[in-house]
Amino acid sequence: MCGITGKLYFDQHHHVNYDELKKMTDSIIHRGPDDEGYYIKNNVGLGFRRLSIIDLKSGHQPLSNFDKSIWITFNGEIYNFKELKSDLLKKGYKFRTNSDTEVIVNLYEEYGENCVHYLRGMFAFVIWDERQKQLFGARDRFGIKPFYYYIDKEKFVWGSEIKAINKAKGINKEIDLSALDLYLTYGYITHGKSIFTEIKKLPQAHYFTIDLNKNNRFNSVQYWDIYFQPDVYKTEEEWLEVIDCTLSESVKLRLMSDVPLGAFLSGGIDSSSIVALMSKYSSKPVKTFSIGFKESKYNELHYARQIAERYKTDHHEMIVEPESIELLPKLVKAYDEPFADSSAIPTYYVSKFAREYVTVVLSGDGGDELFAGYNSYLKLKNIYRYNIMPHYFNKYFWGGINNIIPHRIKGKGITYFLSKNKNNVGAYFSLWTEKERSKLYKPDILQILKNSKGESYKKSIIENSSSNDFITKMQELDMRTYLVDDILTKVDRVSMQNSLEVRVPILDHKFAELSFQIPSNLKLKGNQNKYILTKAMSKYLPQKILTHKKHGFSIPLRLWFKDDLKDYINNRLNSGNNFVCDYLNNKYISKITYDHNIGQRDFSQKIWSLLFLDLWLENNK
C-alpha cells in the first residue's frame, strides 16, 4: 500500500521541479513510510511513497517496463498478479521483480487501456507512456483506493490525497459551495467533487488518458459498472454453496503478504465471517482487533470475544473515552475536506491499535451494501409498501399534520411517510434536510445555492437505475455514493494515517458480481436483513452473532456532547468567534445546540458535522 503523486505540464518545454514534487510526496509520507521514489523527465514527474507489503526487497517505485519506455506509480494490491505474470511470461515479457506493480506495467504494454479488465484487487495508479506521450491512470471498481486530480490549461496534477495536490504550485483553492451543500446534506461529499472547486475525484471503475499528441484532452472512461441481473432459477441451497465458495476464495487471496496480517473484528456478521474464513486458511492464530466504549449500549466487545474464543484468535481490545475529541484536529488533517461520519473516531483508534501488531488487516466492509444489511432497508421497504397515496395528498394533508407533530416524537421514518413521495430521494435520510439547510445557511449563501440542491444527485441515481426493484435501487444508490464516498473513504484515510493497509474481501469484484445475481427477496427476506449471507455463514458463526440486533459502528456522541464535551461545543460553536459564520447562521446553530442540551432532540450528528466543518475552515482560512 502506498501513496502516489505527480504533475504533468502540457507544454513539453516546461519542466517539473524536483523540490516541488518532493514536497507533494512528503505530504503523504504516512501512506508509505518505508521508501520514496521519483521519476522526472522534462514535463512529467511521478512521486511515490511506499508501505512495503509484498516483495520487500525489489518493489521500489516508480517502476518501468524492461526498456524503460513506460513508467508506473501504483497504490494498492493486485491479488491475481501471479496468474497474470505467468501469462505474460508465456508471451515473452521479462521481469526484474516479484511485485504486482511490474505486472501492471507489462499488462499495459500488452493490452493498453484494457489492462484494467484483468486486474483483481484494489488500485489507483498512473502510467506514463514515453513513446506515445500519453498519461494513463485508473481507479478500482469500488473506489477502495483514492485518486484526486486538478487540471487547468497549463497542467494536470494528481495525488492519493488532496493535501498532495495543494502542495503543488498554482493550485486554485476556491471552495465549491455545491460541494459544501453535499457535505451538509449527507455528511460527505459525493458526485466526483471535492470541497475545492477545481479538485476532483476520479470516479470508481474509471480510467483516464491524457494524450499530449491530441490536444492534451483529459478523457475519462467507465470500464465496469454495477449491474443487477437476478438469477431466479438457482435454488437457495445453490446460492448458499456458491456464496461460501466465492467468499472463501476472496479471503484466501487476501492473505497474501510478506508482513504481519490481522483483522478488524466488530462482532457483526461481516467481520466475524471474514475472521472465520481467515482461520480456515491460516496456519497461525489470526490477530484480531476490536474497539469498545464504556457506555454499555454502544459496547459490543462481548460479541467479538465470542468469535475470538471460537477461533482461538490472538485477540486485542481497546476502549474509547470521551477525551477522544482531542482526535478531531488529526481527523481534519487526515480527510483534507469536511467529513461528518463520527465513526471515523473508533476507526482511527482501531487502526492505530492494530498497527502496533500488524501492517495489514482484513475488514468486513461492503456486506451491508451487497446484501441489504442496513436497518434502513427494512424501514424503507415498509414505507414504500404502505405509502400508496398520491404525492399531492401526502404533501398537503399529511404534510400539514407532520408540521404540528412535536419534534421530540417525530422520527425520520414518520417525517418521510407523512410528507414525501415514495420515489423521492428523501427516502434516504439527509443529515441536514433541505428545510433545515434553508435555515442554516446565511441568506447570501442560500441565494447562490437556490438552483443546486444536494438531494438532486441521489435522486438522479434512483431515477436512472436499470432495476425496477425498490431494494435493489437502494443498494445501487448506496454503492454509488455512501460506500465509496463515506465508508471506504473513512477507512482509507484513518488506516493510512497510521500506515496500515486494509483489505476488503467482500468487495472483490467477482464476489460482488455474484451478489448482483441474487434476487433481493433472498437478501431482505421478510424482516431479516442479509438473509442469504447470514444463512451461508451460519455454519461458521455462533447463533448469538447471527441473530443479535445490528448497531453499526456508532459512538455515543449524544451522551458525550451533553456531558463531557458540552463546554467544548459552546466554546467552539457558540462563542461568536467560529469560522462557519461566513457561511452559516449563528442563531440557528445556537438553537440546535440548545435543543440538544435540553434533550428536545438528538442533534449529535449535526453538531459533529459543524465541529468538523468549523475546524476545517480554520485550517484552510
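The values are calculated or read from the model by the stated rules, or taken from the named source; none is laboratory data. Just so we're clear, the structure is a prediction, and the values are computed from it rather than from any experiment. Methodologically, a virtual Cβ is constructed for each residue, glycine included, from the backbone with ideal geometry; neighbour enumeration extends over all protein chains shown.
Working carefully through the options ILE40, ILE72, find the one that is within 24 Å of PHE10 (Cα to Cα), hydrophobic (A, V, I, L, M, F, W, C) and surrounded by fewer than 19 Cβ atoms within 10 Å (Cβ to Cβ). Explain how you work it out, then say what you get.
Working: ILE72 fails: surrounded by fewer than 19 Cβ atoms within 10 Å (Cβ to Cβ).
From the options ILE40, ILE72, the qualifying one is ILE40.
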Which number in (1) over 22 Å from the mean Cα position of the chain (by Cα); (2) buried (at least 24 other Cβ atoms within 10 Å of the Cβ); (3) aromatic (Phe, Trp, Tyr) marks the one condition that PHE156 misses? (2)
How many residues, within the range 577-613, are crowded, with 16+ Cβ neighbours inside 10 Å and free of Cβ contacts under 8 Å to residues at least 24 places away in the same chain? 2
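Out of LYS621, LYS562, LYS549, I need the residue that is of a type in the set (Lys, Arg) and either at pLDDT 85 or above or under 26 Å from the mean Cα position of the chain (by Cα) (or both). Which one?
Numbers: LYS621 fails: either at pLDDT 85 or above or under 26 Å from the mean Cα position of the chain (by Cα) (or both); LYS562 fails: either at pLDDT 85 or above or under 26 Å from the mean Cα position of the chain (by Cα) (or both).
From the options LYS621, LYS562, LYS549, the qualifying one is LYS549.
Restrict the check to the range 113-125 and report whether at least one residue is more than 30 Å from TYR482 (Cα to Cα), surrounded by 18 or more Cβ atoms within 10 Å (Cβ to Cβ) and modelled with pLDDT of 95 or more. Reasoning before the result, please.
Narrowing the range 113-125 to residues more than 30 Å from TYR482 (Cα to Cα): none.
Within the range 113-125 (the criterion being more than 30 Å from TYR482 (Cα to Cα), surrounded by 18 or more Cβ atoms within 10 Å (Cβ to Cβ) and modelled with pLDDT of 95 or more), the answer is no, since none of the residues qualifies.
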Given the condition within 18 Å of VAL103 (Cα to Cα) and of a type in the set (Val, Ile, Thr), answer yes or no: does some residue in the range 124-142 qualify? yes
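State whether the residues of the range 61-82 include one that is more than 26 Å from ASP35 (Cα to Cα), in contact (Cβ under 8 Å) with a residue 12 or more places away in the chain and not charged (D, E, K, R). Give the derivation first.
First, the residues of the range 61-82 that are more than 26 Å from ASP35 (Cα to Cα): none.
No - not one qualifying residue is present in the range 61-82.
Results for (1) of a type in the set (Val, Ile, Thr); (2) under 28 Å from PRO505 (Cβ atoms), shown as yes or no for each residue.
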| residue | (1), (2) |
| --- | --- |
| THR25 | yes, no |
| ASP35 | no, yes |
| THR73 | yes, yes |
| ILE104 | yes, yes |
| GLU113 | no, yes |
| VAL116 | yes, yes |
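Any idea which of ILE53, ILE104 is in contact with a helix residue (DSSP H, G or I) (Cβ under 8 Å, 6 or more places away or on another chain) and either among the polar types (S, T, N, Q) or outside the structural domain of ARG503 (by TED's automatic domain parsing) (or both)?
Values: ILE53 fails: in contact with a helix residue (DSSP H, G or I) (Cβ under 8 Å, 6 or more places away or on another chain).
The match here is ILE104.
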Taking the conditions exactly as written (buried (at least 17 other Cβ atoms within 10 Å of the Cβ) and part of a helix (DSSP H, G or I)), does SER266 satisfy them or not? no
If I filter the range 510-521 for residues that are within 21 Å of the chain's Cα centre (by Cα) and at pLDDT below 90, do I get at least one hit? no
For the range 164-185, which positions are touching a Lys or Arg at 6+ places or on another chain (Cβ under 8 Å) and not in a loop (DSSP other than H, G, I, E, B)? ASN166, SER178, ALA179, ASP181, LEU182, LEU184, THR185
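Of all helices (runs of 4 or more DSSP H) completely enclosed by the range 425-511, which ones contain at least 1 residues that are touching a helix residue (DSSP H, G or I) at 6+ places or on another chain (Cβ under 9 Å) and more than 20 Å from ALA124 (Cβ to Cβ)?
Answer list for the range 425-511: 434-440, 443-448, 455-464, 470-480.
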ILE291, sole failed condition from (1) in a strand (DSSP E or B); (2) exposed (fewer than 15 other Cβ atoms within 10 Å of the Cβ); (3) out of contact with any Lys or Arg (no Cβ under 9 Å at 6 or more places or on another chain): (2)
What number of residues within the range 458-472 are closer than 25 Å to GLY192 by Cβ and either out of contact with any Leu (no Cβ under 7 Å at 6 or more places or on another chain) or β-branched (Val, Ile, Thr) (or both)? 10
So the check is Cβ under 6 Å with 6+ separation or different chains; which pairs have a first residue in the range 228-256 that's assigned by TED's automatic domain parsing to the domain that holds VAL275 and a second one that's hydroxyl-bearing (Ser, Thr, Tyr) and surrounded by 18 or more Cβ atoms within 10 Å (Cβ to Cβ)? LEU253/TYR79
Leading residue by the ranking (nearest to PRO203 (Cα to Cα)) among those in the range 466-496 that are buried (at least 23 other Cβ atoms within 10 Å of the Cβ) and polar (S, T, N, Q): THR489
What number of residues within the range 405-449 satisfy the criterion of being at pLDDT 85 or above, under 29 Å from the mean Cα position of the chain (by Cα) and charged (D, E, K, R)? 4
Just a yes or no: is a residue in the range 202-211 in contact (Cβ under 8 Å) with a residue 60 or more places away in the chain, assigned to a strand (DSSP E or B) and among the β-branched types (Val, Ile, Thr)? yes
